[in-house]
Structure formats: structure tokens, C-alpha cells
Amino acid sequence: MNIAALCKASSTHTNKEKLQRDHPAKYAYSVTREGSISLYTSDEPATALAEAWLKKIGRQVDAWCLVEALNDHTVFFMFVSGDDVKKAITCEVNQLDTVLLLRSDRVFLVNLPESTLGQYGDCPTATSLAPLTEAEYAPFDLKPVSTVRWRAVVVGAVLLAMCGGGYALLRPQSLPESPVSPLDPYLAYRTSVSQALSAKEILQNTVALGAYGLLLPTGWPLDTISLQGDNLTLTANRSPLGTQAVIKQWLQQQNALTPFSTVTIDTLTIRIPLSATLSAWRDTIMPVGQSTTRLFDAQTTLGWTVRDVIHTDHRVSTSIQWSLTKTAMLTDIATLIDTVAMQPISISSLTLTPTQPLGRYATELSLAFTGENP
């Protein structure tokens, strides 16, 4: 039995005919459901296996996935949510989509032991199923795609040219249709965490840069440490008694800062480029509810003020943004790192302004937790 490839697209942006033109194949099977078109294609006789399993398992109230052994190394994997097939692929067992496995409330295994999922952590309990019978998947065989012989196409083109005459030359030419991209329900989530700056890494850099701020020479007091785009920036302003000779000599003693430092008549600027993102979370998604509740409690206990909490729901994920404020020492910021470590928490703004007594900073930062819809 051959298994067809699945392509999905929104039914509001295309139709079955256009989708099939964009994905030509000798055999095809299509179905419209839940606002999207599912097109199964193959160059050999094949079966829309995902549709056969969807019919057999029937309506479920939760999201679920199925893993069926095809041979010693390859499996068929499908994910269903809202009674719609979101993904159907063949892959190796160690290449299963972790995000979708953890997203599922039920996992069905066909010709595979339950220990197969052991490497994927907190997966739901697996249920074993018997393979489909020939009668069960036969209704979902792909049908041959009808084609028009090339001679008829040539004749038709000649007749059209004769009838249209010069009108065809004067009519504005339509732009070529762009191919329809398959729908990936987790594309927005994967993109978001791949671009979001890691709060843990930035806070660690903030503590280090703050330590340098305490060591600045006389006449060059620290003004601010702030997050500016993809740079963590320290600014020190020259006082009336400050000299450039002093600040340049100090920089010569801080070899690690030299490539990132700029000195003008009145200002020292140190810009540390940031590259650490949450890309490690591309294939994993955490629940939002209890995680953020514990997080807010921990940060409040440490003396931080939690405010401006904003929930933003996406297709399969939720982003919770909030602000933290405190007159903090560097040790307070170092302790805050423990609350954001090992969690999908990003940071979008940060400002430290020196205040009295020495070594304290009026601190404000904005964080975001991106996880699974509750």
C-alpha cells in the first residue's frame, strides 16, 4: 500500500482545482473540511490513509495523533484537531513531531509497542489499534487525474488565437498565480520562539554589564543599561570633571569590552549584541495556566511588582506579556534569572537606572511567556 502526500490550504484563498494545479500528480484525492482543503497526491496508486483512520476512529472531543509502523525504520504519523487532519507524513520514529505529540490528548499506536514514546517525555497514554483492513482503506484510494491530450490543447490554442485575433494582444496579461503554501498550524509558534530574545540570557548579560557599570572610573557615572533592539546597551555620561584619558585607560583594562565600546566627547556607549533566542522550544510547547500562575507568585515573593498583564491568543498558542518593576540590586536580578530559566520566556524591554544608595537600580522590564492554549 502506498501512502499519499498531504497538502493543506485555506478554502478562502484557493479551490480544489487550483490547489491541484499547484501540486500536479498522476493520482489525487481531495476533501474540504473545517475551512481548509486537504489534497492527497501521488505519482503511483496510493491511499489517503489519514482519511481512512479519521473515519475509523471517529469524532473525538480532544486532539489526537496516530503512529503506525510501515517497516523497521519508517512510520506513518498523523495529527488531528477539531476533527480535521492537520498533518500526515511518513518519517523515522526518532523524527516524530514533539510539539504535536505533547499537544495530543490521545495517542494511537499501530503495530508499535508503548515504549516507542518513551523518548518523548510526558506524552499521553498510548492506545493500541489493529491495522486497517483492505475494505476500510479501499474507499480512500486516490483517483487518476484526468488530463487533456496535448494535440487537443494545440488545436484549441490555434482556434482560440484565430477567434480572438488581435484582442488577445491588447488585453492586459494576468499575473501568474503564486503557489499556495501548505498550512502548518504551528508555524506561527515556531517562528515566534525562534525570533524571541531569551530572557534568561539577557538577564545574565545584564548582571555582567551592571558589574562593569559599578567599576566605571571617576567622572564617568553610569546613566542607563537598556535593551535597544538586539543590543544590550550601557551608557555613561561624562561629568564636568571627567576626562577622556581616564575612560580610555579604563577601557584598555577591559579587553572584553573594547570591540563593543564607543567613546565620544561626553559619552561612553557599550553595545553588546544579543543572539540567544528561544529556538530550543521550536519542538516543545508548555501549558500556560499553572506555569504562569506559579511564575507570577515566585516573582512577587521576590519583591517584584507584576503589572500590565496582557493575554494574546493565537491559533494554537497563547502569549502572556507582563511588566516587572523594582528598585533592585544586581543580586536581585541574578535571583530573578532562576524564575525564567528552563521556560519559554522572552524579553522585549529592559531599563536599569542608577538610584540611591549606590548599587541600586530603578529596574523595569517586559517579559512574555509563549505556550499552549489553556
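Between Thr224, Pro139, Leu54, the Cα set farthest toward the positive side of the dipole of the chain (charges on each charged residue's Cβ, about the Cα centre) is that of Thr224.
For the pair Met329 and Thr218, the difference between a 0.36 nm per residue extended length and the Cα-Cα distance amounts to 37.9 nm. Rolling a 1.4 Å probe over the protein heavy atoms gives the chain an accessible area of 54 Å² per residue. Report the paramagnetic label zone for Ala5: residues of the range 72-96 whose backbone N is under 12 Å from a point 7 Å from Cα along the Cα-to-Cβ axis. Under 12 Å, as judged by backbone N against the label point of Ala5, lie 90 of the range 72-96.
Here is the list for the range 1-88: GluC sites (Glu not before Pro) lying in DSSP coil, each with at most 14 other C-beta atoms within 10 angstrom of its C-beta, are Glu34. Of the accessible area of the range 34-103, computed with a 1.4 Å probe over protein heavy atoms only, carbon and sulfur atoms account for 41 percent. Over the range 217-374, the alpha carbon radius of gyration divided by the compact-protein estimate 2.2 N^0.38 Å works out to 1.24. Each label point is 7 Å from the Cα along the Cα-to-Cβ direction; what then is the distance between the points at Asp72 and Asp105, in nm? Taking the simple label geometry, Asp72 and Asp105 are separated by 3.9 nm. Distance from the C-alpha centroid of the range 1-62 to that of the range 291-355: 43 Å, rounded to the whole angstrom. A simple charge model with +1 on the Cβ of Lys and Arg, -1 on the Cβ of Asp and Glu and nothing else charged puts the dipole of the chain at about 980 debye relative to its Cα centre. Only helices enter this figure: runs of n ≥ 4 DSSP H residues, each worth -39500 (n - 2.57), summed and divided by the residues of the chain, yield -8000 deg cm²/dmol at 222 nm to the nearest 500.
By a 1.4 Å probe calculation restricted to protein chains, Cys65 has an accessible surface near 0 Å², given to the nearest 10.
Among complete DSSP H helices in the chain, those whose alpha-carbon atoms stretch at least 15 Å along the helix's long axis and whose mean Kyte-Doolittle hydropathy reaches 1.0 are 150-164, 330-340. Net charge dipole, the range 1-115: roughly 420 debye, given to the nearest 20, about the Cα centre with Cβ charges of +1 for Lys and Arg and -1 for Asp and Glu. Taking every C-alpha pair closer than 8 Å and separated by at least 6 residues, the mean separation divided by the residue count of the chain gives a relative contact order of 14 percent. With R₀ fixed at 25 Å, the C-beta to C-beta distance from Ala245 to Leu358 puts the FRET efficiency at about 0.55. By accessible area, using a 1.4 Å probe on protein heavy atoms only, the range 193-282 has 52% of its surface on carbon and sulfur. With a threshold of 24 Å on the Cα-Cα distance, the over-threshold entries among Lys55/Lys86; Lys26/Lys56; Lys18/Lys55; Lys16/Lys143; Lys200/Lys248 are Lys26/Lys56; Lys18/Lys55; Lys200/Lys248. Coupling constants for the range 66-76 follow from the phi torsions by the Karplus curve (6.51 cos²θ - 1.76 cosθ + 1.60, θ = phi - 60°), and in residue order they are 9, 10, 10, 5, 9, 7, 5, 10, 10, 10, 9 Hz; glycine and proline get x. Between the beta carbons of Phe260 and Ala280, assuming R0 = 22 Å, the FRET efficiency works out to 0.30 to the nearest 0.05.
Phi angles of the range 308-323 translate, via the Karplus equation with coefficients 6.51, -1.76, 1.60 and θ = phi - 60°, into HN-Hα couplings of 6, 7, 10, 9, 10, 8, 10, 4, 10, 9, 10, 10, 10, 10, 7, 10 Hz per residue; Gly and Pro are given as x.
The values are calculated or read from the model by the stated rules, or taken from the named source; none is laboratory data. These figures come from a predicted structure and were not determined experimentally. Don't worry about glycine lacking a Cβ; one is built from the backbone with ideal geometry, like all the others, and counts go over all protein chains shown. For accessibility, only protein heavy atoms count, side chains too; no ligands or nucleic acids. Shrake-Rupley method; radii C 1.70, N 1.55, O 1.52, S 1.80 Å.
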